[in-house]
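**Student:** Next up is a structure, given as structure tokens.
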Amino acid sequence: MDIALRPVHDSDLPVFHRLLNDPEALRMAAFTPEDPADRDAFDAHWARIRSSPEIVARTVLGDGDVVGHASVFGEPGEREVTYWIDRAHWGKGVATAALRGLLAEVTERPLYARVAADNAGSLRVLRRCGFEVSAHTTGYAPARGGEIEELVLTLDG
């Protein structure tokens, strides 16, 4: 599959909203909106993302079709990566290729990532892209309704 990144278009948002409401993907991501089905909140969230000059948000295309999104956000020195890939494409290298593309575009370091400690797939993606576990913490995970273990990963120079 040919993976490419491009700026987010209005027409991508319905796909992103559908992906956000996949129950299995929500459980794996864990740190999600309180009510993923709330379309008004979703639209407001994406309006903020797209209007912020500090956020680099990209649509992930697989063979020309929208299969997810990837972003870098946060203050300098504390910037984080995030991504969401359609579950139909998990385990096929899509997230790794998308994150590598994003990291080639956003060259500042360090960058950070956070992942539910039991999300082996996402942890594997991050490690393949050079991130290393730098901290263990706990946080409230809305998709799981409670506190869970979270890993913080760092990508240095």
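The values are calculated or read from the model by the stated rules, or taken from the named source; none is laboratory data. What you see is a predicted model; the values in this text were computed from it and never measured. We place every Cβ from the backbone using ideal geometry, glycine too, and count neighbours over all the protein chains shown. With ligands, DNA and RNA removed, areas are computed over all heavy atoms of the protein, side chains included. Shrake-Rupley method; radii C 1.70, N 1.55, O 1.52, S 1.80 Å.
**Student:** I'd like the Karplus ³J(HN,Hα) series for region 99-113: coefficients 6.51, -1.76, 1.60, θ = phi - 60°, whole numbers in Hz, and an x wherever there's a Gly or Pro.
**Tutor:** Karplus-based 3J(HN,Hα) across region 99-113 equals 5, 4, x, 5, 5, 5, 7, 9, 8, 5, 9, x, 10, 10, 8 Hz.
**Student:** Can I ask one more? With charges only on Cβ, +1 for K and R and -1 for D and E, what is the dipole size of the chain about its Cα centre, in debye, rounded to 20?
**Tutor:** 420 debye
**Student:** Now for a different question. Please give the contour-minus-distance gain from Asp35 to Arg128: 0.36 nm per residue of separation, less the Cα-Cα distance, rounded to one decimal in nm.
**Tutor:** Difference between extended and current length: 30.3 nm.
**Student:** What ³J(HN,Hα) values, in whole Hz, does the Karplus curve 6.51 cos²θ - 1.76 cosθ + 1.60 give for region 39-52 when θ = phi - 60°, with x put for Gly and Pro?
**Tutor:** 5, 4, 5, 4, 4, 5, 4, 5, 5, 5, 4, 6, 8, 8
**Student:** In the Gaussian network model of the chain, springs joining C-alpha atoms below 10 Å, which of Ala116, Ala29, Ala44 carries the largest mean-square fluctuation?
**Tutor:** Result: Ala44 has the largest fluctuation of those listed.
**Student:** Then there is this: Need one word for region 68-157: rounded, prolate or oblate. Basis is the Cα gyration tensor (sqrt eigenvalues a ≥ b ≥ c); a/c below 1.5 gives rounded, then a/b vs b/c decides.
**Tutor:** In terms of gyration-tensor shape, oblate.
**Student:** GNM on the chain, C-alpha springs below 10 Å: top fluctuator among Val94, Val15, Val66?
**Tutor:** Highest fluctuation of the listed residues: Val15.
**Student:** Can you pull the percent of Cα pairs in the chain with separation above 26 Å?
**Tutor:** Tail fraction, whole percent: 21.
**Student:** Once you keep just the Cα pairs under 8 angstrom separated by 6 or more residues, what percentage relative contact order results for region 2-157?
**Tutor:** Taking the mean separation of contacting Cα pairs over the length of region 2-157, I get 24 percent.
**Student:** Right, next: Compute the Cα gyration tensor for region 35-113, then decide on rounded, prolate or oblate, letting a ≥ b ≥ c be the square roots of its eigenvalues: rounded whenever a/c is under 1.5, prolate when a/b is larger than b/c in the other cases, and oblate in all that remain.
**Tutor:** It comes out oblate by the Cα gyration axes.
**Student:** Over the chain, with the other protein chains present, what is the accessible area per residue in square angstrom, probe 1.4 angstrom?
**Tutor:** On a per-residue basis, 52 Å².
**Student:** Label region 5-52 by shape, choosing from rounded, prolate and oblate, from the square roots a ≥ b ≥ c of the eigenvalues of the Cα gyration tensor; if a/c is under 1.5 it is rounded, and otherwise prolate applies when a/b is larger than b/c, oblate when it is not.
**Tutor:** Judged from the Cα gyration tensor, region 5-52 comes out prolate (a/c at least 1.5, a/b above b/c).
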